[in-house]
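Written out below as structure tokens is the structure these notes cover.
What follows is calculated from the coordinates using simple rules that are stated; it is not laboratory data. Please read these numbers as outputs of a predicted model, since none were measured by experiment.
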Amino acid sequence: MPTPTYIPLQTITLGSAASSVTFASIPATYRDLVLVINGAMPTSGGEVYARLNSDSGSNYSAVRMTGNGSSSSSAALTSNRLGFFYTTGSELANVIVSLMDYSATDKHKTTLSRGSQAAGRGVAAWGSRWANADAVTTIAIYHEGGDYPSGVTFSLYAIEA
Amino acid sequence: MQAIQTVTVGSGGAASITFSSIPATFTDLVLVISSRLTLGATSSSLGVFLNTAASDTSYRVLRGNGSNVASETNSGQQDFYVGETAASSATASTFGSTQVTIPNYLGSQQKSMSADQVMENNATTAFQTISAGLCTKTAAVTSLTVRGFAGSSGNLVEHSSATLYGILAGSDGTTTVT
């Protein structure tokens, strides 16, 4: 019997600019989550990031590798937010995030994210960690550069083990 | 995620694999490819184009080869470059693995794409690539073609395969979004 994957939990297409999108009341009945963001980005650029369970403390860390079309880089960082990708300018971008074992209560939470902005920042892969063993029930998504424009879509899926 | 169609290349190989009449019933598309090309080299470039080939695609990539890493960009291409796959001089029977994601393939916006690829070679040199692609077509995606990049990087050998999946967004009635 095939294991169900990409079970739709909720999706939103912004009808007007918004500073954040929050998925809440996420059921603890699945193993992993996948978040897909697609659309134009805030013109001023910056980091696509999230906060889990409203935690704004310095409890996040990440490693990343990036290619902008001419050079590559890698870095490690600690932060008060869960980083997914940097964007540059208003060009279309995709951000695809896997959040593993989100409902477990015995481990810190980790994400793998892939960001793509062919006409802007370029391409990147991030591995990020939230140093908290709580089950994730809320994901709030922001952009360092300000409001997400109208038309951006955010979809959250679940994967069963 | 639901499988839409799998195509496996038969004896004699094929210049390309095309999925046509893609149903307009999903939100995103995911294309998974196992490929090897006939070009007389260790590796060769793999490409994907949407609907009909036109010089409307740009990309930026990050690529490692087992010893070095590089980033490059290109525009005005027919194909989205999704990475380096195994070719004729690679270890026998090795193939490259690729996943391409196309969100909002029915939308009226340009199409922003992502690809991850690893090339199998059982040797020191083997490529790993992550790619960001942008196709300026604003029409819904109704067909997808996989081939040696721009049609000039060799044919797909027998046993190469591609599977197209559809992902449908929606609500479970419990999770909220604001």
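Values for this structure:
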| quantity | calculated |
| --- | --- |
| Between region B:3-28 and region A:1-58, the Cα center-to-center distance that results, in Å | 30 Å |
| Nonlocal amide H pairs with B:Phe127, under 5 Å, H built at 1.01 Å | B:Met119 |
| In order through region B:42-51: 3J(HN,Hα) via Karplus (6.51 cos²θ - 1.76 cosθ + 1.60), integer Hz, x for Gly, Pro | 5, 9, 8, 8, 10, x, 9, 10, 9, 6 |
| Cα-based equivalent ellipsoid of region B:121-171: semi-axis lengths in Å, sorted from largest, via gyration tensor | 27, 17, 15 |
| Å³ per residue enclosed by the Cα convex hull of the protein assembly as shown | 136 Å³ |
| Karplus (6.51, -1.76, 1.60) ³J(HN,Hα), θ = phi - 60°, over region A:151-161, in Hz, Gly and Pro reported as x | x, 6, 10, 10, 10, 10, 10, 10, 10, 8, 7 |
| Projected-area mean, region B:53-135, by convex hull of Cα positions, square nanometres | 6.0 nm² |
| Rg/Rh ratio calculated on Cα atoms of chain B (Kirkwood radius) | 0.99 |
| Using distinct alpha-carbon pairs, which all enter the 1/r mean, Kirkwood radius of region A:7-159 in Å | 15.4 Å |
| Cut-off under 5 Å, modelled amide H: who pairs with A:Glu144 long-range | A:Glu47, A:Val48, A:Tyr49 |
| 29 Å Cα-Cα reach of B:Lys137 towards lysines, excluding residues that sit fewer than 8 places from it in its own chain | B:Lys111 |
| ³J(HN,Hα) computed for each position of region A:52-58 - Karplus, 6.51 cos²θ - 1.76 cosθ + 1.60, integer Hz, glycine/proline x | 9, 6, 6, 7, 10, x, 7 |
| Stokes-Einstein diffusion coefficient of region A:27-115, Kirkwood radius over Cα pairs, 20 °C, 1.002 mPa s, in µm²/s | 149 µm²/s |
| 5 angstrom amide H check on B:Glu158, placed H, neighbours 5+ away | B:Gly12, B:Gly13 |
| Region A:87-101 and region B:103-165: distance between their alpha carbon centers, rounded to Å | 18 Å |
